[in-house]
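Structure first, commentary second.
The values are calculated or read from the model by the stated rules, or taken from the named source; none is laboratory data. In this text, all values refer to a predicted model and were calculated from it rather than measured experimentally. Using ideal geometry, Cβ is built from the backbone for each residue, glycine included, and neighbour counts are taken over all protein chains shown.
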RNA sequence: GCCGAAGUGGCGGAACUGGUAGACGCGCCGGACUCAAAAUCCGGUGGGGGAAACCUCGUGUGGGUUCGAGUCCCACCUUCGGCACCA
């Protein structure tokens with residue numbers, strides 16, 4: 001008998017799958033009815049700034065298991081793959097290596113593809129693309145133009161992180177403790193005109209439409225936090241000297257009588273006017289200039305509060321008290337209205353500020369949470385008072401209920417080279433002009449030096465920048481900023497539906513057929529940014545009538561982190577085993593099984609080689625026993641013995657775990673149990689059935705060995721075989737172990753026929769000598785019978 | 001501070017709707033095969049007591065509901081994750 005040799009059989013079956021294009025799936029014919037059996041299985045696409053690591057093996061194997069399971073269960077499965085190949089990490093790696101980012105990225109893609117094929121993942125390779133392909137980003141640009149023309153994309157001045165030493169804009173991730181990650185210089189804030197998508201316009205849609213999603217609660221909670229909807233009121237405060245009203249957002253209208261001063265954000269539009277008319281205008285201007293140079297992220301909590309008095313007063317609408325107006329950087333311009341009423345007694349930050357500048361503190365809520373010193377509202381609870389005060393203000397035209405969000409508009413300009421060019425021309429006459437559709441793609445130009453230095457690198461490509469205005473024909477200049485890579489990944493799942501389309505990003509009918517993604521898998525670290533943006537994109541496209549769906553990802557599975565030696569694996573950690581090394585050492589099937597066997601895939605896990613060794617033992621056992629069974633003469637029907645029942649039970653368990661429970665470790669244990677039983681009884685009439693079933697059930701996890709053994713059992717193309725179905729009548733044993741409890745404690749276990757009536761169960765329970773000993777002749781007050789489980793005798 | 005998830009043997013983890021706690025695997029112990037080793041196979045393996053039958057304790061802590069709680073309820077502790085000068 002030959003031994004299990006993973007390398008040989010894996011190469012064999014990978015060649016067969018490739019030659020037969022086993023996992024390609026055709027698109028529907030035009031006009032085809034919607035297929036209820038379609039199933040779009042997708043995992044987040046890899047970022048090719050490096051090679052694959054064990055974390056990828058987990059995600060893509062998990063997707064693979066589902067794809068095989070759903071396909072064999074009768075679904076038409078779409079499972080594509082691509083590469084998120086634009087972006088900063090690739091560009092930084094390129095700068096470091098002195099190479100072109102394209103060369104680095106394409107070399108990595110080659111290596112990643114090879115690794116993916118060695119792991120035997122069942123991917124439809126005919127749909128593969130990279131986001132840096134002009135044929136892809138052409139359509140990224142096209143979609144941008146649609147959004148721009150519909151008013152979803154706009155330009156406004158916004159602060160960026162600026163490193164004065166490197167003369168460049170830094171992404172937030174490149175700023176550590178207020179300093180440039182590379183050179184250590186203190187980061188400054190600079191105001192730049194930049195591109196934004198109006199994600200805030202979708203805040204309520206993003207929130208409300210989450211209800212339809214089949215996502216883990218923790219991920220939904222993350223998105224809710226990120227959107228940060230809070231309900232409160234907008235209240236107008238009068239400034240008599242300036243003859244104007246300043247609106248304020250508050251969730252604590254009940255504390256209005258405790259407001260003792262008023263604060264504006266340094267960027268508030270009224271600040272200039274106040275400075276102009278104020279005796280200490282110079283001081284105000286100096287303060288605003290000073291704090292304005294600090295990035296908003298650096299105005300951190302915990303540091304001493306700073307501020308400046310303007311000399312003006314606002315009037316409290318409830319009691320006409322005069323409140324001094326201050327300017328302080330603890331108030332943020334981009335939340336609420338950029339102005340607050342300060343209630344030092346009941347707000348920690350206002351309290352700190354009041355102590356620092358010796359401002360009055362007025363208590364308006366007592367220990368019982370009731371209002372005091374609040375005129376006719378005194379004695380009310382928090383909820384009552386909020387409602388009553390806002391109503392009172394409303395009747396005088398001084399306030400109304402309002403909602404505020406933490407979510408910001410998505411700033412997607414990047415002052416970098418390696419990204420999708422923004423198809424816009426600036427013209428002195430016409431302003432901001434779209435590049436006409438027929439001129440797409442706007443190709444990323446080749447430039448000498450793409451290192452960042454003060455101006456965006458694309459500005460160096462002068463011939464490229466100078467271009468005739470598409471509208472008036474006079475000389476204009478191209479947009480030199482590029483798009484955030486999250487734009488690329490906000491619609492890639494649509495392109496997979498129709499990746500070769502050269503007339504549109506996708507055919508609407510085809511996208512509507514495959515979408516939404518039925519099963520999305522990826523790291524929870526992308527649960528907010530990427531998955532909020534993708535949801536926003538799909539909703540916006542839906543509103544533009546470019547798509548028939550409003551959500552991209554119906555079901556989401558957030559996989560855990562894989563650690564090795566305690567370190568989180570994101571890049572290649574020294575000493576960590578790579579997927580290629582694992583495949584060479586153990587084989588693809590053992591690697592795939594062991595990563596999913598460690599534990600629940602949605603929790604963090606530690607990868608250790610000892611796990612693979614256990615899996616290898618299991619696969620060798622499987623191999624031996626199946627080959628042994630295959631060589632025996634084919635006997636009679638499986639019958640209804642213990643092994644046949646165990647086999648049906650295993651089918652039911654594995655199917656339920658994969659389909660309903662989304663549990664990926666326990667099916668492996670279930671098949672191991674079955675194989676253990678089979679090893680004990682290879683001569684059982686049900687042995688061939690058990691062997692075939694074990695092979696069939698393990699196929700999604702270990703497709704190579706499964707295919708090889710399937711062939712040896714005299715069949716072919718297991719990957720096309722229907723998923724096994726359990727016979728419900730075979731799931732129950734004809735006897736069961738009756739648990740007998742006395743006062744809830746297990747005292748005996750009796751093997752009894754399954755069809756025994758209840759009174760007989762009780763009779764047998766009482767007859768047990770062990771039970772007798774514990775009954776002690778006492779009177780039985782209550783008898784509980786759980787059919788097919790237990791009898792509990794309660795004595796006094 | 002607000003929101004969310006999780007605490008079970010030496011280890012990773014099972015136990016789905018309240019009903020035999022510890023499936024499966026790792027490790028460890030003992031045995032078989034072997035000149036020996038590897039591989040493989042068989043048996044054992046939560047703590048305490050007992051020669052044994054068996055008894056007893058046991059799922060982060062303290063209460064509660066229930067005939068019965070790892071599972072439900074209340075309070076607390078710890079760990080991890082998200083948000084956070086967000087008014």
Can you pull out the residues in the stretch A:212-222 that are part of a helix (DSSP H, G or I) and in contact with a helix residue (DSSP H, G or I) (Cβ under 9 Å, 6 or more places away or on another chain)?
A:218, A:219, A:220, A:222
Quick one: in the stretch A:770-782, which of the residues that are loosely packed, with under 11 Cβ neighbours inside 10 Å and modelled with pLDDT of 85 or more is farthest from residue A:752 (Cα to Cα)?
A:781
For the condition touching a helix residue (DSSP H, G or I) at 6+ places or on another chain (Cβ under 9 Å), farther than 27 Å from residue A:131 by Cα and either surrounded by 12 or more Cβ atoms within 10 Å (Cβ to Cβ) or at pLDDT below 95 (or both), what is the one hit in A:22, A:32?
A:32
Going by what's in this entry, would residue A:81 be described as in contact (Cβ under 8 Å) with a residue 24 or more places away in the chain, under 24 Å from residue A:586 (Cβ atoms) and in the same structural domain as residue A:582 (by TED's automatic domain parsing)?
yes
Does the stretch A:334-343 contain any residue that is in contact with a helix residue (DSSP H, G or I) (Cβ under 6 Å, 6 or more places away or on another chain) and touching a residue at least 12 places away in the same chain (Cβ under 8 Å)?
yes
Failed condition for residue A:194, given (1) touching a strand residue (DSSP E or B) at 6+ places or on another chain (Cβ under 9 Å); (2) modelled with pLDDT under 75:
(2)
Residue under question is residue A:161, and the condition is that it be at pLDDT below 95, crowded, with 21+ Cβ neighbours inside 10 Å and farther than 30 Å from residue A:594 by Cβ; does it hold?
yes
Counting only residues that are within 6 Å of RNA strand B (Cβ to nearest atom) and within 22 Å of residue A:628 (Cβ to Cβ), which one in the stretch A:652-678 is nearest to the chain's Cα centre (by Cα)?
A:672
Looking at the stretch A:704-744 only, could you name the residues that are within 16 Å of RNA strand B (Cβ to nearest atom) and either in a loop (DSSP other than H, G, I, E, B) or without any contact (Cβ under 8 Å) to a residue 24 or more places away in the chain (or both)?
A:726, A:728, A:731, A:732, A:733, A:734, A:735, A:737, A:743, A:744
Among the residues of the stretch A:548-557, is any more than 21 Å from residue A:132 (Cβ to Cβ), part of a strand (DSSP E or B) and within 16 Å of RNA strand B (Cβ to nearest atom)?
yes
If you go through the stretch A:580-632 one residue at a time, how many are without any contact (Cβ under 8 Å) to a residue 40 or more places away in the chain, within 27 Å of the chain's Cα centre (by Cα) and closer than 15 Å to residue A:706 by Cα?
0
Which numbered condition residue A:375 fails, given (1) within 16 Å of RNA strand B (Cβ to nearest atom); (2) surrounded by fewer than 14 Cβ atoms within 10 Å (Cβ to Cβ):
(1)
Failed item in (1) out of contact with any helix residue (DSSP H, G or I) (no Cβ under 8 Å at 6 or more places or on another chain); (2) within 29 Å of residue A:163 (Cβ to Cβ); (3) more than 10 Å from RNA strand B (Cβ to nearest atom), with residue A:291 passing the rest:
(3)
Residue in the stretch A:97-107 that is surrounded by 20 or more Cβ atoms within 10 Å (Cβ to Cβ) and part of a loop (DSSP other than H, G, I, E, B) present
no
Scope the stretch A:606-638; condition near RNA strand B (Cβ under 9 Å from one of its atoms) and part of a loop (DSSP other than H, G, I, E, B); matching residues:
A:608
Filter result for the condition that a residue is within 30 Å of residue A:29 (Cα to Cα) and in contact with a strand residue (DSSP E or B) (Cβ under 9 Å, 6 or more places away or on another chain), over A:469, A:497, A:427, A:420
A:497
Give the residue that is nearest to residue A:11 (Cα to Cα), with candidates limited to residues of the stretch A:574-605 that are part of a helix (DSSP H, G or I) and near RNA strand B (Cβ under 9 Å from one of its atoms).
A:594
What are the pairs with Cβ atoms under 6 angstrom where one residue, in the stretch A:500-527, is free of Cβ contacts under 8 Å to residues at least 24 places away in the same chain and the other, located anywhere, is surrounded by 21 or more Cβ atoms within 10 Å (Cβ to Cβ) and part of a strand (DSSP E or B)? Sequence gap at least six, or different chains.
none
Note on the stretch A:321-353: residues more than 8 Å from RNA strand B (Cβ to nearest atom), surrounded by fewer than 21 Cβ atoms within 10 Å (Cβ to Cβ) and over 22 Å from residue A:278 (Cα atoms) are A:345, A:346, A:351
Select, from A:239, A:248, the only residue that is touching a strand residue (DSSP E or B) at 6+ places or on another chain (Cβ under 6 Å) and within 9 Å of RNA strand B (Cβ to nearest atom).
A:248
Name the one entry in A:120, A:50, A:55 that is in contact (Cβ under 8 Å) with a residue 12 or more places away in the chain and part of a helix (DSSP H, G or I).
A:55
Could you list all residues from the stretch A:441-466 that are under 17 Å from residue A:103 (Cα atoms) and touching a strand residue (DSSP E or B) at 6+ places or on another chain (Cβ under 7 Å)?
A:444
Restricting the stretch A:354-372 to residues that are outside any loop (DSSP other than H, G, I, E, B) and in contact with a helix residue (DSSP H, G or I) (Cβ under 9 Å, 6 or more places away or on another chain), the one surrounded by the fewest Cβ atoms within 10 Å (Cβ to Cβ) turns out to be A:365
Taking first residues from the stretch A:270-292 that are over 11 Å from residue A:310 (Cα atoms) and second residues anywhere that are in a helix (DSSP H, G or I), the pairs with Cβ under 7 Å that are 6 or more apart or on different chains are A:288/A:271
